[in-house]
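Participant: Below is one structure. I have some questions about it.
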Amino acid sequence: MDNYISELASICKLPFEDITKNFKLIWFGSTGLYVANYKRIIDYNSDKVVLKINNNTLEIFGENICISLINKGEILIKGNISSVSLGVVNEKR
Amino acid sequence: MKRDNVALNKVKISGGNSINFINNCVNCGLKLRNIDRTTSRDFTFEINDRDYKQLITLDNRGCNITIDKVGGKKRLINNLIYRIGLVIGIIISLIGVILFNNRLIQVHILGLTRTSEEMVLSSLEELGVTKFSYMSFDTGKLEQELTEEFNFSLVSIMIKGNSLIVNIKEELPSLENSYAPITADYNMVINSIKVYAGTSKVKEGDIVYRGDTLVEPFIKKGEDIVYIVPTAEIEATLFFSNSYVFKNSEEVYVRTGEKDIVCSQINLGVFKISYREKSTSYNEYEEENKISSASFYFLPIIINKRYAYELEKKTITRDFDKEKDNIIDTQKKSLYNTIPENLKIESEEIKVTPITNGYIINVYLTSKVQLKYS
């Protein structure tokens, strides 16, 4: 279904993430990461950022991490990013 | 170390629920920048004025919100308030520059020897040239008025900055009772000359041109020379001529309409700021300079550009019979314009001489005069 929608989106030139509600990740070298369609921040400190996306979590690890810009649905993270992993929801309340 | 953006306010939130508060802000559409976790409970971020007003209305979820650094318009206003002396100084200077920039402050008068400066200044005041008046004088009119009032030989007025510079050449000394020779005022043939005082340099039948000496202002008595005012009566035939060369076909260069900039120079006063030169690709061209003044309110910036206009050779053929009458009328008109008003023309002669590839058209006018010099 997602493949069908992504094909339709590329034909109609519509933004993929807005139609599929799936997250989008753009990694700029090792110093910047752009995430679209995230839900909320679960945890944040200088070596880890955990974001909730749909039913999963996106964990970003590195050094001197800071959130450069945050908006509804998009976030730009800067710092020495070493790894990114997709995990199961484990929110800290 | 990250540099703070001066247009944004730096806000600090502290509390156990800081992350939830940040999520709440983002969900409400606020844009936060450079979020930094300073301690386990404290965050700082930057936010603009409009979003900050909305931020303080939100449920803070038990967090403490404080402003670390004010940014945006408020910061600018605070900076100005704490440096009020500088602000007042800048405003006063600006007012002074705007008020006095285009006003007359000084008048310099140069070249006076016999007339007093006060008289010239009071005359200028009557014509509207007063201190602190706008520098919008008609310098031509002022020159004419001063020349007529004081009988000056020459007056030249120049505006430079906030000053008016008046250069005066006072009346030249009279040439009466000076021993000047009699000279020809026109090109003429001497028909007869009667010298009552002085020494004649010409005789009947001589052809003289304008400026030639006719009678010297002295007489020789043996070895002595006695200077006197020359007096004479001269009858002469004046002749005036004009000629035009007509070519049946000639090659001329005309502009094609294409142009290219070959040199551009920007000057700030006398200092050269920029200079660029390049060669043109045209085979035949002519150059023309164009100067434009792009002066701002205070700086004299002059832009000088040299254009190369492409030329092409064209052969033009003309019909002599069609154009002959027109050419003769034009030549006669321009010749009559050079003749003094009180002269009566006695004869007119038009001569057309054929040459290779054309003709020469000559127009001759003659007049007889009786001149008395004393």
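Participant: Just how far, in whole angstrom, is segment A:27-55 from segment B:59-111 if you go by their alpha carbon centroids?
Facilitator: Cα centres, segment B:59-111 to segment A:27-55: 44 Å.
Participant: Keeping all protein chains in place, calculate the accessible area per residue for segment B:92-163 (probe 1.4 angstrom), answer in Å².
Facilitator: In whole numbers, segment B:92-163 has 66 Å² accessible per residue.
Participant: Also, I was wondering about something else. Give me the 1.4 Å probe accessible area per residue for segment B:296-374, excluding ligands and nucleic acids, in Å².
Facilitator: I get 71 Å² per residue for segment B:296-374.
Participant: Percent of accessible area on chain B owned by carbon and sulfur, 1.4 Å probe?
Facilitator: Roughly 50 percent, rounded to a whole number.
Participant: Per residue of B:234-243, what is the mean number of Cβ atoms on other protein chains within 10 angstrom of that residue's Cβ?
Facilitator: 0
Participant: Counting pairs of alpha carbon atoms under 8 Å apart in space and at least six apart in sequence, what relative contact order in percent does chain B give?
Facilitator: Rounded, it is 11 percent for chain B.
Participant: Here is a follow-up. Please list, by residue number, every one of the GluC sites (Glu not before Pro) in segment B:290-369 that is coil in DSSP and has at most 14 other beta-carbon atoms within 10 Å.
Facilitator: Working: sites: B:GLU310, B:GLU312, B:GLU323, B:GLU341, B:GLU346, B:GLU348, B:GLU349; in loops: B:GLU341, B:GLU346.
Passing sites in segment B:290-369 are B:GLU341, B:GLU346.
Participant: If the cut-off is 16 Å between C-alpha atoms, which lysines fall inside it for B:LYS344, apart from same-chain ones fewer than 8 positions away?
Facilitator: Partners within reach: B:LYS332, B:LYS333, B:LYS368.
Participant: Calculated from DSSP H runs of 4 or more alone, at -39500 (n - 2.57) each and per residue, what is the 222 nm mean residue ellipticity of chain B, nearest 500? Working shown, then result.
Facilitator: Numbers: 7 runs with 86 residues, N = 374.
So the calculated ellipticity at 222 nm is -7000 deg cm²/dmol.
Participant: Still on this model: In Å² (nearest 100), what accessible area is buried between B and A, both sides summed, heavy protein atoms only, 1.4 Å probe?
Facilitator: The contact between A and B buries close to 1300 Å².
Participant: Next question. Compute the length gained on full extension between B:GLU284 and B:TYR364: take 0.36 nm times their separation in residues and subtract their Cα-Cα distance, giving the result in nm to one decimal.
Facilitator: 24.8 nm
Participant: Let me ask you something else. Averaged across the residues of B:29-36, what count of C-beta atoms belonging to other chains lies within 10 Å of each residue's C-beta?
Facilitator: That average works out to 5.
Participant: Taking the Cβ of B:ARG318 as the centre, find all other residues whose Cβ is under 14 Å away and add up their charges (Lys, Arg: +1; Asp, Glu: -1). Working shown, then result.
Facilitator: Working: positive: B:LYS247, B:LYS314, B:LYS322, B:LYS324; negative: B:GLU250, B:GLU251, B:ASP319, B:ASP321, B:GLU323, B:ASP325.
Spelling it out: positives minus negatives among the neighbours equals -2.
Participant: Now, a different point. What whole-number value in Å² describes the accessible area per residue of segment B:1-86 for a 1.4 Å probe?
Facilitator: 61 Å²
Participant: Heavy-atom accessible surface, probe 1.4 Å, ligands and DNA/RNA ignored: which residues of segment A:26-68 lose at least 30 Å² versus the isolated chain?
Facilitator: Listed in order, they are A:ARG40, A:ILE41, A:TYR44, A:CYS66, A:ILE67, A:SER68.
The values are calculated or read from the model by the stated rules, or taken from the named source; none is laboratory data. All values derive from a computational prediction rather than experimental measurement. Here Cβ is always computed from backbone atoms with ideal geometry, including for glycine, and neighbour counts include all displayed protein chains. Quick note on the areas: whole protein, heavy atoms, side chains included, nothing else; ligands and nucleic acids left out. Shrake-Rupley method; radii C 1.70, N 1.55, O 1.52, S 1.80 Å.
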